[in-house]
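The next block holds one structure in the form of structure tokens; read it before the comments.
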Amino acid sequence: MIFRRRRFHELVARQLAIFERDEAALLAEAHDADAAWTSADVDTTEELYGDYQLVVDAIGERLYDIRETYARSLGEPAACEYRVAFNRAVESRFGRYATFVDGDL
């Protein structure tokens, strides 16, 4: 069973490495936006958090598109297994930017 659990491990790792390379500017923007809102004064925190959330949503949408594009090429049991592997890897690799995967299977 260990083999099946890691069935999509290498594929997902490659997909996320490509995402990280191609979306480096967006990930840097998210990091900067996070730093800005967490260090802001009370008067600007809400606005800066909104800016941060927009960037996080953009990251989530792109990751979702990657996941679903590949999942659609699989039969349903394999697609579900792939989504689980992808979601786990995203949560592990991108942490707080992975909000789109919460309960999304």
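Based on the Cβ-Cβ distance of E68 and A13, what FRET efficiency does E = 1/(1 + (r/R0)^6) give at R0 = 22 Å, to the nearest 0.05? Before the final figure, lay out each step's value.
Values: r = 18 Å, r/R0 = 0.83.
The calculated FRET efficiency here is 0.75.
Hey, if we sort I59, I66, I18 by accessible area with the 1.4 Å probe, largest down, what's the order?
Numbers: I59 0, I66 50, I18 80 Å².
Largest accessible area first, the residues go I18, I66, I59.
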Query raised in the report: When the chain is fully extended, how far beyond the present Cα-Cα distance does A58 get from A25, taking 0.36 nm per residue of separation?
Result: 10.7 nm
**Report entry** Solvent-accessible heavy-atom area per residue, rounded to whole Å², over the chain at 1.4 Å
**Finding:** 65
Report summary line: In degrees, nearest 10, the alpha-carbon axis of helix 76-94 is tilted away from the dominant principal axis of the alpha carbons of the chain by 40
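Within segment 49-92, report the trypsin sites (Lys or Arg not before Pro) that DSSP leaves as loop and that have at most 11 other Cβ atoms within 10 Å.
R72
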Requested in this report: Give the angle, between 0 and 90 degrees and rounded to the nearest 10, that separates the Cα long axis of helix 42-71 from the longest principal axis of the Cα atoms of the chain.
Outcome: 20
Query raised in the report: According to the square roots a ≥ b ≥ c of the eigenvalues of the Cα gyration tensor, what is the shape class of segment 1-73, taking rounded for a/c under 1.5, prolate for a/b larger than b/c otherwise, and oblate for the remainder?
Result: prolate
Report task. For helix 24-38, report the angle its Cα long axis makes with the longest principal axis of the Cα atoms of the chain; keep it between 0 and 90° and round to the nearest 10°. Result -> 50
Report summary line: In nm, the gap between the two label points placed 7 Å beyond Cα toward Cβ at E47 and E91 is 3.6
Requested in this report: Could you order S73, S92 so the one with the most accessible surface comes first? Probe is 1.4 Å.
Outcome: S92, S73
Report summary line: Quick calc, the chain, dipole around Cα centre from Cβ unit charges on Lys, Arg (+) and Asp, Glu (-), nearest 20 debye, gives 1160
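The values are calculated or read from the model by the stated rules, or taken from the named source; none is laboratory data. The structure presented is a predicted model; accordingly, all values stated were derived computationally and were not measured. Because the Cβ atoms are built from the backbone with ideal geometry, glycine has one as well, and the counts that use them run over all protein chains shown. Quick note on the areas: whole protein, heavy atoms, side chains included, nothing else; ligands and nucleic acids left out. Shrake-Rupley method; radii C 1.70, N 1.55, O 1.52, S 1.80 Å.
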